[in-house]
Amino acid sequence: MYKHILVPTDFSEYSKRAAGKALALRELFDARLSVVHVVNYLPPAFISAQSEHTSPAQIIARATAFLAQWMHESGLDSAEQLVSSGPAGREVIAIAKAQDVDLIVIGTSGEGGMKRLLGSTTSAVMHHAPCDVLSVHCD
């Protein structure tokens, strides 16, 4: 039924639980599995003076390395790794369209520091995705 499953992650326990469900669904449907982390880059003016200032390319490189480690620890070594930047909901939806994803498996809450200000990524994905969305609750 499903040929390509996408799991967005913010590295939270919610994402880890969603990844576990996605692994089971991949096995069930013999589907392709992709994992995406979206970096919501903030310009230096928004970063504390005590924060290390890095370029967007350095931030993406660090996120890519961290995603690879997270995927390994989560048993997702065989999944495709994707890193993008921008508003998370919009990027997940764009990737789903571009990659012909037919199921997004996403946690219901995460560790996004600006969640209250920017809104819920899960809500945006659920309302605007071009495919089915499975929202996974964390016990």
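The values are calculated or read from the model by the stated rules, or taken from the named source; none is laboratory data. On a predicted model such as this, the values are computed, not experimentally measured, just so you know. Neighbour counts are summed over all protein chains in view; Cβ atoms, including those assigned to glycine, are modelled from backbone coordinates with ideal geometry.
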Conditions (1) among the hydrophobic types (A, V, I, L, M, F, W, C); (2) modelled with pLDDT under 90; (3) out of contact with any strand residue (DSSP E or B) (no Cβ under 6 Å at 6 or more places or on another chain); number of the one not met by Ile59:
(3)
Near pairs, Cβ below 8 angstrom, 6+ apart or cross-chain, from the range 82-110 (among the acidic types (Asp, Glu)) to any residue that is assigned to a strand (DSSP E or B):
Glu91/Val36; Glu91/Val38; Glu91/Ser84; Glu91/Ser85; Asp100/His4; Asp102/His4; Asp102/Ile5; Asp102/Asp132
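State the number of residues belonging to the range 82-139 that are among the polar types (S, T, N, Q) and modelled with pLDDT under 90.
Here the count works out to 6.
Does Leu76 qualify as being among the aliphatic types (A, V, I, L, M) and either modelled with pLDDT under 90 or part of a loop (DSSP other than H, G, I, E, B) (or both)? Can you show your working first?
Values: among the aliphatic types (A, V, I, L, M): yes; either modelled with pLDDT under 90 or part of a loop (DSSP other than H, G, I, E, B) (or both): yes.
So Leu76 fits the description; yes.
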Residue that is modelled with the highest pLDDT, among those in the range 36-56 that are of a type in the set (A, V, I, L, M, F, W, C) and not in a loop (DSSP other than H, G, I, E, B):
Val36
